Amino acid sequence: MDFNVKRLAADAGTFLSRAVQFTEEKLGQAEKTELDAHLENLLVRAENTKQWTERIMKQTEVLLQPNPNVRLEEFVYEKLEKKAPTRMNNHELLGQSMIESGNEFGPGTAYGNALIKCGETEKQIGGAERELIHSAAINFLTPFRNFLEGDFKTILKERKLLQVKRLDLDAAKTRLKKARMTDARAAVTWFCSLGSSSFLQPRYVCLYSDVLFSENLVLLLHSQAEQELRMTQSEFDRQAEITRLLLEGVSSTHAHHLRCLNDFVEAQATYYAQCYQYMVDLQKQLGSFPSSFSNNNQSSVSGGASSISVPTIPVSASLPSVSAGHGSSTASGGFSELRSSNGSRKARVLYDYDAASSSELSLLADEVITVSSVPGMDSDWLMGERGNQKGKVPITYLELLN
């Protein structure tokens, strides 16, 4: 019990000494040991890394889950170490609604069938989004969170300990400075006493003895202050080295986060490529419907130059060539004859074609259109007509009829 009381008193004294040193530094009444420039730069870099990592994490979570209530729910389940309930995302909910409405209108109708196809595609996109979120959580968010909750907390702990060691060092410097000032005053008092003409009188013998004792006490305190300064300086240097090594490890953290960033970009690229392919496939499926249901963008082609054409997604596939079974030489001869006669003929469409501009005409496989040659037009194109719709069409998509 006696040991604990002494230890408690010593700790209280150390804490009070740090508090006094900190207060005097704030008031400008005490000197402060400055860290070297390299260590200061490392501290600033670590703090910036922590702040930007938190900000990137927050914005990534908002990107992956825009609903703040769902994010809060997932956070609570994570802290409780429980699995959050599985719920459908927005694409899956939209897809489910489209499928149900398509079944209600009838899968045999053009509109109902189109709704079902769109709903299935939306569900595929929703599944791809779920894979993106899962991949980003494992390969991107988790390493960032591990840095904040692991490595940076260790850095923060050692940095606080370094601050404590610095306060102890500066307090020891202050005590040594005061001890030296006391030593100097005692020396002055001693020499002044020697200069007195009555210093050998009996009544001054006890006074001189007290002065000698005080001098010895001052020397003892001075020696203790120097020893304490050496000890605190050694502890401060050791803690500064530990902190420096941890801070230099932030460079490795940056390298690791760079690899995580590459994984995140790759996951996003995969997601957007899947979405693009799903929508291209859906567009091809919708293109097989009759022209009256396929695309509203073509209905205003002949309405004047003021109409706005909405571009369709280009398919990154090579243009199909005319089937060998129809005879390429015969087909070429027919198109040449059509150009020379400046007349018009019926042609069957071999493949679906999406117009790339308002001057072109979208085509559906197996439909029959009227084609004609226009002077000055490129040899690979003809002018196609379907009712009131008119525009350029590629000859590689056509088969002339007799």
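The values are calculated or read from the model by the stated rules, or taken from the named source; none is laboratory data. On a predicted model such as this, the values are computed, not experimentally measured, just so you know. Virtual Cβ from ideal backbone geometry, glycine too; neighbours counted across all protein chains shown. The protein model used for the area step is the full one, side chains on, heavy atoms only, and it has no ligands, DNA or RNA in it. Shrake-Rupley method; radii C 1.70, N 1.55, O 1.52, S 1.80 Å.
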Of the residues in segment 75-93, those that are open to solvent by less than 80 Å² (accessible area, probe 1.4 Å) and closer than 18 Å to residue 128 by Cα come to 89, 91, 92
Since residue 144 meets every condition but one in (1) surrounded by 16 or more Cβ atoms within 10 Å (Cβ to Cβ); (2) free of Cβ contacts under 8 Å to residues at least 40 places away in the same chain; (3) not charged (D, E, K, R), which condition does it not meet?
(2)
Name the residue that is surrounded by the fewest Cβ atoms within 10 Å (Cβ to Cβ), counting only residues in segment 105-136 that are under 18 Å from the mean Cα position of the chain (by Cα) and touching a residue at least 24 places away in the same chain (Cβ under 8 Å).
131
Odd one out for residue 393 among (1) open to solvent by less than 60 Å² (accessible area, probe 1.4 Å); (2) assigned to a loop (DSSP other than H, G, I, E, B); (3) hydrophobic (A, V, I, L, M, F, W, C); (4) in contact (Cβ under 8 Å) with a residue 24 or more places away in the chain:
(2)
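To keep it simple, each residue is scored yes or no on (1) at pLDDT below 95; (2) among the polar types (S, T, N, Q); (3) more than 19 Å from residue 262 (Cα to Cα).
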{"position": "105", "(1), (2), (3)": "yes, no, yes"}
{"position": "109", "(1), (2), (3)": "yes, yes, yes"}
{"position": "117", "(1), (2), (3)": "yes, no, yes"}
{"position": "133", "(1), (2), (3)": "yes, no, no"}
{"position": "137", "(1), (2), (3)": "yes, no, no"}
{"position": "142", "(1), (2), (3)": "yes, yes, no"}
{"position": "160", "(1), (2), (3)": "yes, no, yes"}
{"position": "163", "(1), (2), (3)": "yes, yes, yes"}
Among the residues of segment 57-71, which ones are part of a helix (DSSP H, G or I) and either modelled with pLDDT of 80 or more or closer than 13 Å to residue 129 by Cβ (or both)?
57, 58, 59, 60, 61, 62, 63, 64, 68, 69
Looking only at segment 236-265, count every residue that is of a type in the set (Asp, Glu) and either modelled with pLDDT of 95 or more or in contact with a helix residue (DSSP H, G or I) (Cβ under 7 Å, 6 or more places away or on another chain) (or both) and tell me the total.
2
Residue tally, condition outside any strand (DSSP E or B), open to solvent by less than 30 Å² (accessible area, probe 1.4 Å) and within 16 Å of residue 334 (Cα to Cα), over segment 351-381
1
